[in-house]
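Since the structure comes first, as structure tokens, the remarks are kept for the end.
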Amino acid sequence: MPDDWESTRGLDPNSPDDAGDDDADGYTNIEEYLSCLVGEGDC
């Protein structure tokens, strides 16, 4: 996922751990990013 997307959400662009659920909403960071790609979710 792009660094600017991660930075906007308070994630560390230098960390390879995109599988986490930093906002504890039940969706991993990568799932949230993919939702944005298809026009869903809070982008």
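Derivation of every value follows stated rules applied to the coordinates shown; laboratory data play no part. In this text, all values refer to a predicted model and were calculated from it rather than measured experimentally. Glycine gets a Cβ as well: all are built from the backbone with ideal geometry, and neighbour counts include every protein chain shown.
Explain nothing, just the number: relative contact order of the chain, from Cα pairs under 8 Å at least 6 residues apart, as a whole percent. Dividing the mean separation by the residue count of the chain yields 24 percent. Of the GluC sites (Glu not before Pro) in the stretch 7-43, the ones in a loop by DSSP (not H, G, I, E or B) with at most 15 other beta carbons within 10 Å are E40. Where does the chain land at 222 nm, in deg cm²/dmol rounded to the nearest 500, when only DSSP H runs of n ≥ 4 count, each adding -39500 (n - 2.57), divided by all residues? Estimated from H runs of four or more residues: -9000 deg cm²/dmol. Here the extension length gained between D3 and S35 equals 9.9 nm, from 0.36 nm per residue of separation less the Cα-Cα distance.
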